[in-house]
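> My questions will all concern the structure given below.
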Amino acid sequence: MDDFGCAFEANPQAMLAIDPALDRIIDANPAACRLLGYDRAALCALKMTELHPGQRPALIVFSEAVAAKGRYWTRNLSPRHAGGGEVKVEYLGAALEGREAGRPPCLLLIAQDLEELRRHNVDDEADHYVRGGLAEWQRVERFFRDIERENQLILRAAGEGIYGVNAEGKTTFVNPAAERMLGWSAEELVGRDIHSMVHHSHPDGSHYHGHDCPIYGAFRDGHVHTVDNEVFWRRDGTPFWVEYTSTPIRDRGALVGAVVVFRDVSLKREADDKLRAALEEVESLRQKLELENAYLQEEIRAESNHRGIIGKAAAVQNILRQVELVAPTDATVLVTGESGTGKELIARAIHEASKRSDRPLIRVNCAAIPRELFESEFFGHVRGAFTGALRDRIGRFELADGGTLFLDEVGEIPLELQGKLLRVLQEGQFERVGEERTRHVDVRVIAATNRDLKSEVRLGRFREDLYFRLNVVPIESVPLRERREDIPLLAAHFLRGASRKLKTAGLRLTEGDARRLSHYDWPGNVRELENVIERAAILARDGRLRIELPQAALPQRQAPAAADPHGGLLTDEDRRERDRANIRAALAACGGKVFGADGAAALLGVKPTTLASRIKALGLSRTGFAEKAGSSPAQQP
């Protein structure tokens with residue numbers, strides 16, 4: 001151990017070696033441990049700011065003064081005793097040599113217990129000497145003579161804004177850093193109420209009364225006030241965000257003012273706000289895109305090979321006209337028709353022609369959702385809402401916000417959930433399962449069903465108010481058998497798609513193939529036609545399609561007559577007349593009733609919606625059959 005180390009250990013005065021740049025206590029001698037009540041290891045484990053809680057501004061001023069002067073003293077710092085109280089001391093600080101250039105020097109602090117001085121009747125002007133090779137202490141009165149010059153040196157050296165106020169709120173000093181940040185000179189601020197000049201308004205521009213100011217609060221309540229969410233106002237009227245600490249100044253126990261240390265944190269706050277907003281947006285987008293990706297992948301897999309509606313039949317042209325009319329609006333659309341007629345294709349055409357086309361069309365197959373999961377699927381849920389809800393989940397309505405929601409098979413929605421669906425359609429509001437917060441969405445709804453919703457309403461299985469809310473613009477998707485002229489067009493289109501998919505060339509549809517396809521009734525509609533063409537392409541040999549259709553559904557060829565080789569075939573008009581006669585007979589037998597176990601649909605073995613579509617397509621009317629309920633089918637024309 002060198003001479004300095006021996007002197008440090010044996011010195012009866014309390015000594016601390018500190019590194020102010022790291023806020024660290026490097027070492028403490030035994031006298032310091034006795035004075036402060038800590039063992040050596042515990043004392044060295046503390047930071048200087050922890051040993052002096054709430055005194056950071058005074059520590060900064062003192063450390064910079066010692067670094068600038070080489071030596072300096074203060075009675076404005078009171079370390080915390082291990083027992084919990086404050087120890088009133090006088091610190092003498094000296095800069096230690098040996099630190100590399102460009103870094104603040106380490107300091108040696110000598111602490112004199114002021115209570116001990118008073119017990120020995122030693123006044124404040126007593127001389128102190130540095131033991132162990134340190135130079136003799138300067139007399140206290142010399143520091144008082146030089147205090148004005150030294151304060152200016154300290155204030156100029158500080159990089160943070162520092163100013164003082166007296167007990168009346170008048171400015172007593174301002175350092176150059178504060179002048180630069182505030183745009184006011186020291187001469188313009190000293191002697192004036194600084195709150196009314198730089199701290200007069202809140203960030204939103206509302207008045208900030210001086211009685212509420214934490215800076216003034218320091219010399220009123222005697223506590224240190226630290227604030228990080230307010231603004232100071234420059235001379236040019238522009239605000240900037242600040243963090244500041246207002247520390248009370250006492251003179252012989254009386255509060256006489258405060259010293260304020262502040263720094264401009266505008267860039268830091270702006271960066272923090274941007275980062276926070278970015279993180280929130282990233283998290284929101286992550287959740288939304290994760291679900292949207294899953295939904296869109298499902299759509300890609302389920303989507304047909306084409307996006308356009310193909311057909312030249314009058315019924316198809318009527319549908320296209322309706323799409324053009326309703327697409328620019330936000331009106332709710334109800335698409336009805338048999339399965340496989342392209343109801344989803346109509347919904348997609350409406351969406352793509354609307355102003356919402358830049359947002360996704362979210363499809364919900366209501367028939368595929370378990371009854372107990374309908375609400376979660378539509379509106380989402382929060383973590384823990386039910387068993388298996390391991391995290392928050394966005395519902396389809398929220399995912400479709402700004403876009404279009406397609407409710408396929410809407411008639412399958414449970415009756416108890418229909419009221420909540422009605423609410424979100426009318427008000428655009430809903431709550432996730434397990435959450436009380438009301439959310440708002442802007443969604444255009446297109447619904448589709450192959451059921452007769454009017455009958456469902458009469459049977460109490462579908463809410464009437466929801467039906468009217470969905471049926472703002474009804475569009476009927478006609479079955480393929482009522483647009484036979486489109487069958488060759490559709491078949492050729494599907495064949496091109498199948499050829500691309502199977503990577504086969506040279507496949508073509510012959511006139512005989514087209515005629516054969518046109519004679520089939522297609523109970524599965526367009527979807528069945530697509531499957532038949534794809535199967536024919538797979539089974540094709542030498543460029544010839546092998547079209548397989550159920551034989552029972554094809555027109556039966558009779559033995560040809562000698563005079564008329566085509567006498568066993570029915571023309572399209574003959575077939576339609578036969579169908580009219582058959583349906584008239586069924587309606588007459590059932591008294592004009594279509595639906596129910598005793599209706600014409602049950603008698604003919606078809607769905608009621610199918611029979612209703614055929615009645616309309618064939619130009620028939622159900623009126624006039626009720627009074628003939630007892631008539632024989634043979635009596636009908």
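The values are calculated or read from the model by the stated rules, or taken from the named source; none is laboratory data. This one's a predicted model, so the numbers in the text were calculated from it and none came from an experiment. For neighbour counting, all protein chains shown are included, and Cβ atoms are generated from backbone atoms with ideal geometry for every residue, glycine included. When the accessible area is computed, the model is the full protein with side chains, heavy atoms only, and any ligands, DNA or RNA have been set aside. Shrake-Rupley method; radii C 1.70, N 1.55, O 1.52, S 1.80 Å.
> For region 36-48, in order, what is each residue's ³J(HN,Hα) by Karplus, 6.51 cos²θ - 1.76 cosθ + 1.60 with θ = phi - 60°, in whole Hz (x at glycine and Pro)?
Those phi angles translate into 9, x, 9, 7, 4, 5, 5, 5, 6, 7, 7, 8, 4 Hz.
> Report in % the part of the accessible area of region 1-112 that belongs to carbon and sulfur, leaving out ligands and nucleic acids; probe 1.4 Å.
54 percent
> What distance in nm separates the two pseudo spin-label positions at Arg263 and Ser185, each 7 Å out from Cα along the beta-carbon direction?
Computed distance between label sites Arg263 and Ser185 equals 2.9 nm.
> Let's test the formula: R0 of 45 Å, r as the Cβ-Cβ distance of Ala389 and Glu168. What FRET efficiency results, to the nearest 0.05?
So, using R0 = 45 Å, E works out to roughly 0.15.
> At a Förster distance of 45 Å, what's the computed FRET efficiency of Asp27 paired with Leu285, Cβ-Cβ distance as r, to 0.05?
0.25
> Using θ = phi - 60° and the Karplus form 6.51 cos²θ - 1.76 cosθ + 1.60, what ³J(HN,Hα) does each residue of region 176-183 get, whole Hz, x for Gly and Pro?
With the stated coefficients, region 176-183 comes to x, 4, 5, 4, 5, 6, 8, x Hz.
> Which far-off residues, 5 or more places away or on another chain, put their amide H under 5 Å from the one on Val89, with H placed in the peptide plane?
Close amide H contacts, sequence-distant or interchain: Leu114.
> Bin width 10 Å, alpha-carbon pairs only: give the P(r) of region 387-473 as whole percents, running from 0 to the bin holding the largest distance.
Histogram of Cα-Cα distances, whole percents per bin: 15, 47, 30, 8, 0.
> Suppose all protein chains stay in the model; what accessible area per residue would a 1.4 Å probe give for region 225-269, in Å²?
I get 53 Å² per residue for region 225-269.
> What nm value, rounded to one decimal, do you get for the distance between Asp330 and Ser499 when each label is placed 7 Å out toward the C-beta?
Each label point is offset 7 Å from its Cα along the Cβ direction, giving 4.6 nm.
> What's the carbon and sulfur percent of region 231-288's accessible surface, probe 1.4 angstrom, rounded to a whole number?
54 percent
> For region 527-535, in order, what is each residue's ³J(HN,Hα) by Karplus, 6.51 cos²θ - 1.76 cosθ + 1.60 with θ = phi - 60°, in whole Hz (x at glycine and Pro)?
Couplings: 4, 5, 4, 4, 5, 5, 5, 5, 5 Hz.
> Evaluate the distance, in nm, between pseudo-label points positioned 7 Å from the Cα of Val227 and of Gln317 along their respective Cα→Cβ axes.
Roughly 7.6 nm, to one decimal.
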